[in-house]
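One structure below.
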Amino acid sequence: MRVIPMMLALFAPGLWLCTDGPATAAGGNGTTLASLLLASATGQQARDSAQLVVRRVWSGRGVDALGQPTPDGRYLTFMDWSTGNLAVRDMSTGEARHLTRKPTNDAGYGELSVVSPDGKRVAYHWYPGAWTWELRVVNLDGTNDRLLLRDEEGQQIYAAPRDWSPDGREILVSLTRGRGESARSSIVLVSVADGSLRVLKDTGSRSAGGERFSPDGRYVVYQVEADEDTGQRDIFLLPVHGGGETALIEHPADDFVLGWVPDSEYVLFASDRTGTLGAWVVPVVDGKSAGPPTLVKPDLWRAFPMGFTADGAFYYGVHVSTRGVHLATIDPETWRPLTAPTPVDPRQLGSSQRPRWSPDGRYLAYLTTTGNSRRRVVTIRSMDTGETRELDPRSSSCPPRWSPDGRHFLFCGGDEEGQHGVFQVDVQTGEATTLKLLDGASFWNDWAPDGKTVYYRVDYGAESQIVALDLATGGERVLRRAQQPTWIVMIYVDVSPDGQHLAFWELEMDRAHARLLVIPTAGTEVNVLAREVLSVDYEGQRYPSMSSVQWTRDGRYLLYAVWDYESESGRLWRVSVAGGDPEPTELVLEGEFPQFHPDGRRIAFDYGESAWEIWVMQNYLPKE
């Protein structure tokens, strides 16, 4: 199941036309009092907003915002997440067809895609498996799919296509090497003819993005992280044919690129400088700002920019989500729900996820996404008083894992120097301590019940390992090794209550087979000691319907979820550790696997609706 950063959008269903001021009726004339006051207070030009048109063009199941419209606006590229294929949607009929054709149970999938200036080709980012990434180009009719760039040596290279050069000869790419806090970024041009690279700018550890060509192809506009603590970004211009960068937008607010408006001198960007994320334009002449920014739409709903049609219509995605951390009570014997899900904090719907109870059950920790940069912090909530406080461990790769004594969290992520590893964070002070630096990427870790050992899963290219780390000696033991096409499932590993075993799902993707395994934590190289508790074939499905695993408190059963990807919901099942037929429980899931309170009656879990919508904004440029 793919997890997407969650954004909260509030709007009236069926809204098709809106203006940039709440006091102005749709289709009316004049500016709002709020916009006049804003223009006066900021010195920006007031504008007639009656011409502004914003309309929703795609909603419902299957909407994806990682694509781009064709220049004529007839088609929109997107990822079909039910199959993992790159697809294109006819915006007038709603019909869709695939541009890639991969086997159903193949683990590959695509992500970002951008359309060429002539509307005939699509550059897209593809994950073929084995922890490698590719940059590919395919014709809009699905023919001539070819490779431009591949991570041949397992360097964890992520090549995100951002734009085509106006002449269609090069693709502007945001290139990232490494993962998490250890990632290093650069802005490059990739030749469409032969895949050769030309580096325009190394941004190092600073996170860059939003790269777009100017209409004449002479400049690239992009955003870069200016403040690592807040994630606040500024916007710069970079000459394509040599020369230093120029600051276009430097402001204490968070500013990021939406795009360079076709056939114009305006850069469209988003900013929260008024307190709400809005759309602004700034004129650019010869690589420099030619005037102050102008507000064109005060509320942009934390938009995800997609692209423009040739006439300047701006397409963007909005993640409409009410999913967040919820609480409920269950029957500890049958897991039958006794109360309806209740949000732990209604103000954090759409921004909270992955809860974990403290060992004594008095506190609940969960990840909260804050600000336009979508930076994650850990919120710690007292279940006695409702009071909360936040920690910023500079990590979001794993949910917080409480130590057995409740004094520390365990995280996987990056340190201040950008090195990836496993860290513990003091719950009271937020001070981080490095436990182990890693050359690979880690997505799961947990404590042994005695707090003396830490277990973590790490990926080295095509190989995955589960490792035990002795905190007293620093010694390591590899407990499980798997190489592609066998895959130890991401975060779904659990430590038994007595600390003597680990349970996890392992997929054999070449034959569409999944096994629920239990291995001992003692000894070394215990691959041969793995015991199969459950075996399932998932032929004909992209992914198996099973996910997650958790031991019951008495250590007798393993709980796991069986998902229906069509309805995006699941049911909790249990199987005896000794083997036998699995049994369904009465607990239905609509988010991540539930976390059980020490009393066995309360659960915390992600719950709620989550969907995308595609909107288009037109007639937003200031009148000359």
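The values are calculated or read from the model by the stated rules, or taken from the named source; none is laboratory data. None of these values were measured; they are calculated from a predicted model. As a convention, Cβ positions derive from the backbone with ideal geometry for all residues, glycine included, and neighbour counts pool all protein chains shown. Side chains included, ligands, DNA and RNA excluded: accessible areas come from the protein's heavy atoms. Shrake-Rupley method; radii C 1.70, N 1.55, O 1.52, S 1.80 Å.
Numbers at a glance
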| item | result |
| --- | --- |
| Lone unmet requirement of (1) charged (D, E, K, R); (2) touching a Gly at 6+ places or on another chain (Cβ under 9 Å); (3) open to solvent by less than 10 Å² (accessible area, probe 1.4 Å) for D255 | (2) |
| Failed item, numbered, when G244 is tested on (1) out of contact with any Lys or Arg (no Cβ under 9 Å at 6 or more places or on another chain); (2) buried (at least 21 other Cβ atoms within 10 Å of the Cβ); (3) free of Cβ contacts under 8 Å to residues at least 40 places away in the same chain | (2) |
| Residue within region 485-492 that is part of a strand (DSSP E or B), crowded, with 21+ Cβ neighbours inside 10 Å, modelled with pLDDT of 90 or more and of a type in the set (A, V, I, L, M) present | no |
| In region 309-333, residue nearest to V54 (Cα to Cα) [restricted to those that are small (G, A, S) and surrounded by fewer than 19 Cβ atoms within 10 Å (Cβ to Cβ)] | G312 |
| Hey, L367 assigned to a strand (DSSP E or B), aliphatic (A, V, I, L, M) and open to solvent by 20 Å² or more (accessible area, probe 1.4 Å) or not | no |
| Enumerated strands (runs of 3 or more DSSP E) restricted to region 75-166, each holding at least 2 residues that are at pLDDT 85 or above and under 22 Å from R212 (Cβ atoms) | 75-80, 85-90, 109-115, 121-129, 132-139, 146-150, 157-164 |
| Restricting region 201-222 to residues that are modelled with pLDDT under 95 and over 28 Å from D459 (Cα atoms), the residue that is most open to solvent (accessible area, probe 1.4 Å) | K201 |
| Residue satisfying all of: in region 588-606; assigned to a strand (DSSP E or B) and out of contact with any Ser or Thr (no Cβ under 9 Å at 6 or more places or on another chain); surrounded by the most Cβ atoms within 10 Å (Cβ to Cβ) among these | A604 |
| Count of residues meeting criterion [in contact with a strand residue (DSSP E or B) (Cβ under 7 Å, 6 or more places away or on another chain) and at pLDDT 80 or above] in region 453-484 | 21 |
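Listed here are the residues, each with its yes/no results for (1) within 26 Å of V240 (Cβ to Cβ); (2) open to solvent by 40 Å² or more (accessible area, probe 1.4 Å); (3) basic (K, R); (4) at pLDDT 95 or above.
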{"position": "V282", "(1), (2), (3), (4)": "yes, no, no, yes"}
{"position": "K288", "(1), (2), (3), (4)": "yes, yes, yes, no"}
{"position": "G291", "(1), (2), (3), (4)": "yes, no, no, no"}
{"position": "P305", "(1), (2), (3), (4)": "yes, no, no, yes"}
{"position": "W335", "(1), (2), (3), (4)": "no, no, no, no"}
{"position": "P359", "(1), (2), (3), (4)": "no, yes, no, yes"}
